[in-house]
Amino acid sequence: MKALVVGSGGREHTLAWSLLGSPRITEVVCVPGNGGTAALPHCRNLAMNPGDFEGIARFALVNNLELVVVGPEQPLADGIADYLQTQGLKVFGPCQAGAQIEASKAWAKALMVEAAIPTARAEAFSDEAAALAYLKQAGAPIVVKADGLAAGKGVTVAQTLEEANQAVSDAFSGRFGAAGHQVVIEEFMTGQEASVLAVTDGQTIRPLVPAQDHKTIGEGDTGPNTGGMGAYAPTPVVTPELMARVQSEVLEPAIATLRRRGIDYRGVLYVGLMITPEGIPKVVEFNCRFGDPETQAVLPLLETPLEEVMLACIEGRLDALDLRWKPGAAACVVVAAEGYPDSYPKGMEIFGLEEAAETGALVFHAGTRRRGDSTVADGGRVLGVTGMGDSFEAAIANAYEALDKICFENMYYRRDIGYRVRG
């Protein structure tokens, strides 16, 4: 079987690598891919816009690429799965109606209320003055979210009313484009955040091993939010007992409510959780795709071939799937260009990638491209270095050992990834 992966980030490199780990997958084509997928054996890049659904369908059909895996949320929100399915392709990723669960936070909140899923109280506003008036009444700390897709940067956890007001003004000023035409203002929740990536065929929903990520740029979880600066799995904060609650109180009600709305949701349902001090799992957000960088920590632990999982979801037989996991732990440290998540330089040559791989760590490329025989930085988040081990201490040590081999100008990464689980 041949597969096509849509996207260009670290998540997509990980998906391609994981698919190629199966003897059944003979080739993966990435659209458009990155410098890492270009160098992956039995993988090649196709310089095509992920929004060119017709071109992707035509290429997949002509080249007998039977399975299409959609990485990023934007094509899903734009209806790529719906279109490709009409062309007879097997697509792993939800339909456009289902992708609203990430594309509109207000829509997702309404679904959670309907499903009686535990979450923060929230109000949605399409008028800036009304939002500011609500903030004055509610006070801080409080959370302000751009309603639409903002590449993981549309959320502000405001500790002061001034921060909250600024976040509202930023959204309505156009900083996040159409994503900020509406804002959702939520109560501030305390506790530890965790990520549960679940797979579903629209009837059955099965969680993968739980992960925790580090969203902020600075050590000690400080500074502005990013797309994610590191992750580790399986996090001990989500105990088997807690996962059973997530299954019964979050995952199953979400899929059942989507079904009642006439939405056949197949693919990944990513749940961002806040585990309160009382041990209650409350939903922070839903996403319609694999998380990044959680995928870089979760998929290396998956023993069941990835395409088996995906085909079981597509074909409606997930209930019969044997989902197997490797023992031990994985930890991913994201390497960024200095200045991210704001403006950052590009084009810096990256050295030491082969030496890093020799340590046994997995080096997943995110914002990279090939320039002649060299690999250069081409994005804010440049690499994700995943260490594996029998324990979190060993996995984290492996990741940082590999990082010591890598260098490029203006390189930045956090040195405290996994601090909650370090010995």
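Here is a check on your reading of the model: is residue 283 farther than 21 Å from residue 237 by Cα, in contact with a helix residue (DSSP H, G or I) (Cβ under 9 Å, 6 or more places away or on another chain) and either assigned to a strand (DSSP E or B) or assigned by TED's automatic domain parsing to the domain that holds residue 11 (or both)?
no
Scan the range 4-11 and tell me whether some residue there is closer than 19 Å to residue 385 by Cβ, outside any loop (DSSP other than H, G, I, E, B) and in contact with a Phe, Trp or Tyr (Cβ under 6 Å, 6 or more places away or on another chain).
Yes: the range 4-11 contains one or more residues that are closer than 19 Å to residue 385 by Cβ, outside any loop (DSSP other than H, G, I, E, B) and in contact with a Phe, Trp or Tyr (Cβ under 6 Å, 6 or more places away or on another chain).
Kindly establish whether residue 422 is more than 23 Å from the chain's Cα centre (by Cα), of a type outside the set (A, V, I, L, M, F, W, C), within 21 Å of residue 293 (Cα to Cα) and surrounded by fewer than 19 Cβ atoms within 10 Å (Cβ to Cβ).
yes
What are the residues in the range 33-73 that are outside any helix (DSSP H, G or I) and either within 18 Å of the chain's Cα centre (by Cα) or outside the structural domain of residue 9 (by TED's automatic domain parsing) (or both), if any?
Result: 33, 34, 50, 68, 69, 70, 71, 72.
What number of residues within the range 142-165 are over 22 Å from residue 381 (Cα atoms), within 26 Å of the chain's Cα centre (by Cα) and part of a loop (DSSP other than H, G, I, E, B)?
Going through the range 142-165 one residue at a time, the tally reaches 2.
In the range 228-245, which residues are touching a strand residue (DSSP E or B) at 6+ places or on another chain (Cβ under 8 Å) and either hydrophobic (A, V, I, L, M, F, W, C) or outside any loop (DSSP other than H, G, I, E, B) (or both)?
Correct list: 229, 230, 231, 232, 233, 237, 238, 242, 243, 245.
Mind checking whether some residue in the range 337-351 is over 24 Å from residue 368 (Cβ atoms) and either surrounded by 18 or more Cβ atoms within 10 Å (Cβ to Cβ) or over 20 Å from the mean Cα position of the chain (by Cα) (or both)?
No; the residues of the range 337-351 include none that is over 24 Å from residue 368 (Cβ atoms) and either surrounded by 18 or more Cβ atoms within 10 Å (Cβ to Cβ) or over 20 Å from the mean Cα position of the chain (by Cα) (or both).
Which condition number in (1) more than 19 Å from residue 274 (Cβ to Cβ); (2) in contact (Cβ under 8 Å) with a residue 24 or more places away in the chain; (3) touching a Leu at 6+ places or on another chain (Cβ under 8 Å); (4) not acidic (Asp, Glu) is the one that residue 111 fails?
The one condition residue 111 does not meet is (1).
Quick one: is residue 168 under 24 Å from residue 381 (Cβ atoms) and touching a strand residue (DSSP E or B) at 6+ places or on another chain (Cβ under 8 Å)?
No; evaluated as a whole, the condition is false for this residue.
Test each condition in (1) surrounded by 24 or more Cβ atoms within 10 Å (Cβ to Cβ); (2) assigned to a strand (DSSP E or B) for residue 76 and report the one that comes out false.
The number of the failed condition is (2).
Quick one: is residue 359 assigned to a strand (DSSP E or B), more than 30 Å from residue 79 (Cα to Cα) and more than 16 Å from the chain's Cα centre (by Cα)?
The answer is no for residue 359.
Only one of these conditions is not met by residue 28: (1) surrounded by fewer than 23 Cβ atoms within 10 Å (Cβ to Cβ); (2) under 12 Å from residue 4 (Cβ atoms); (3) without any contact (Cβ under 8 Å) to a residue 40 or more places away in the chain. Which number is it?
(1)
Could you give me the residue pairs with C-beta distances under 8 Å whose first residue belongs to the range 384-407 and is in a strand (DSSP E or B), whose second residue is of a type in the set (Ser, Thr, Tyr) wherever it lies, and which are 6+ apart or on separate chains?
Here the result reads 384/14; 387/400, each pair linking the range 384-407 to a residue that is of a type in the set (Ser, Thr, Tyr).
What number goes with the only condition from (1) more than 19 Å from residue 11 (Cα to Cα); (2) in a loop (DSSP other than H, G, I, E, B); (3) among the hydrophobic types (A, V, I, L, M, F, W, C) that residue 290 does not pass?
Against the list (1) more than 19 Å from residue 11 (Cα to Cα); (2) in a loop (DSSP other than H, G, I, E, B); (3) among the hydrophobic types (A, V, I, L, M, F, W, C), residue 290 comes up short only on (1).
Return yes when residue 170 is acidic (Asp, Glu) and either closer than 25 Å to residue 338 by Cβ or free of Cβ contacts under 8 Å to residues at least 40 places away in the same chain (or both) and no when it is not.
Criteria met by residue 170.
The values are calculated or read from the model by the stated rules, or taken from the named source; none is laboratory data. Nothing here was measured: the structure is a model prediction, and the numbers come from that model. Here the Cβ is made from the backbone with ideal geometry for all residues, glycine too, and neighbour counts use every protein chain on show.
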